[in-house]
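Please treat every number below as a calculation from the coordinates, not as lab data. Just so you know, these numbers come straight off a predicted model, no measurement behind them. Glycine gets a Cβ as well: all are built from the backbone with ideal geometry, and neighbour counts include every protein chain shown.
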Amino acid sequence: MSLKNWDNKTWLSSKDYISAFNNFLIRHIKLDKNSSILDIGCGRGKILGNITSKLRLIKKPTGIDIEQHKDRDKRIIFYKTDAISFLKRNRKKFDLILLKQTIHFLSLKEIKKLLSLSKNCLNSGGRIAIFTLATSKNEIPTFVKMKKKLNKSLKRDQKILRLINDLYPGGLSKTFSFKVKISRQKYVEMIKNRYISTLLNLSNTEILKGISEINRNYRKRLNFKDKLICLLLKN
Ligand SMILES: C[S@@+](CC[C@H](N)C(=O)[O-])C[C@H]1O[C@@H](n2cnc3c(N)ncnc32)[C@H](O)[C@@H]1O
C-alpha cells in the first residue's frame, strides 16, 4: 500500500505548516535565490513550491518520488523515480538535498548507498537535511495498536540515526516543532485515510476499532506538537 494520502488536506499540507517548515530550513541552512534544491520523496512538492516563491529561486527545484500526484506543484521539476536510481544517473549538483520523512522507507543498506550518492551530488558548502519523527516525547495521538507500531518504527528510526551518525560524525541535530490544532473528527478522517506509514498495514477492523478508541480517549479538539528531528550533514 502506498502513502498517497500523506499530505492530502492535513496540517502537513497547510500553508502555516509549510511556511513554518521552510522558515526553519532557511534559518538553519544558507539558501538564496541562486540555490539549487533537490527533495527526495517530495510527495506533491508543496514544500519545494513554497520555497521557490519564498526565495524567488532562479532555477526550478527538483522533486522526485515513486508516487506521481495529479495535483503536484507546478513550480518544480518532477521525476517519478526511486531515490537511488535517480542519484546514480544524476549529474547535477545541489546546495540542499532534502529528505523529509522519507528515509525510513529504505533498508539500512539502501540508506548507506543513498547518503554516499547524495554526498557526491552536493555543491561545496551544500547540506543534506534529513527529517524524521522525533523518537522521544512524540505527541502524535494514537490508539493502542497504532502506538505499538509507531514505537517499533521509532526504534528503527533511532537505529537509522545512529547509523548515519556513525557514517558521518559531526552532523548537526536540530528539532522542528509545529503546534497542531485539529478537530478529533478531522483527525479520525486522517486515520481512515491511513495518513502515516504505521497505519498502512492495519486491517479495516483494526482501523475501525482504533477510531472508536480515539473517540473515547481524546477531546473534541486535539492540540499537540508534531516534532521532527533534523540531521544536517555537510559534504
Ligand atoms: C511520508 S511521505 C513524505 C512526503 C514529503 N517529503 C513531506 O514531508 O511532505 C514519504 C514519501 O516518500 C516517497 N518514497 C518512499 N520511498 C521512496 C523512494 N525509494 N524513492 C523516492 N521516494 C520515495 C513516498 O512515495 C512518499 O511520497
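Computed quantities for the displayed model
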item: Members of LYS109/LYS227; LYS88/LYS145; LYS33/LYS147; LYS33/LYS109; LYS60/LYS152; LYS112/LYS192 lying beyond 32 Å, as alpha-carbon distances in this model show; result: LYS88/LYS145; LYS33/LYS147; LYS33/LYS109; LYS60/LYS152; LYS112/LYS192
item: Value of relative contact order over region 60-138, rounded to a whole percent, pairs C-alpha under 8 Å and six or more apart; result: 30 percent
item: Farthest positive-ward along region 1-155 dipole, Cα basis, beta-carbon charges - from PHE131, LEU150, SER118; result: SER118
item: Total charge dipole magnitude, region 146-224, about the Cα centre, Cβ charges on Lys, Arg, Asp, Glu only, Debye to nearest 20; result: 360 debye
item: Cα-based convex hull, the chain, per residue volume (Å³, whole number); result: 117 Å³
item: DSSP bridge pairs, the chain: antiparallel proportion in percent, nearest 5; result: 55 percent
item: Distribution of pairwise C-alpha distances over region 9-109, 5 Å bins, in %; result: 2, 13, 24, 26, 20, 11, 3, 0
item: Relative contact order (percent, whole number), the chain, Cα cutoff 8 Å, 6+ residue spacing; result: 22 percent
item: Sites SER19 and GLN185 - FRET efficiency at Förster radius 30 Å, r taken between beta-carbons, to 0.05; result: 0.75
item: Residue-wise HN-Hα coupling along region 14-22, computed from phi with Karplus coefficients 6.51, -1.76, 1.60 (Hz; x: Gly, Pro); result: 6, 4, 4, 5, 5, 5, 4, 5, 5
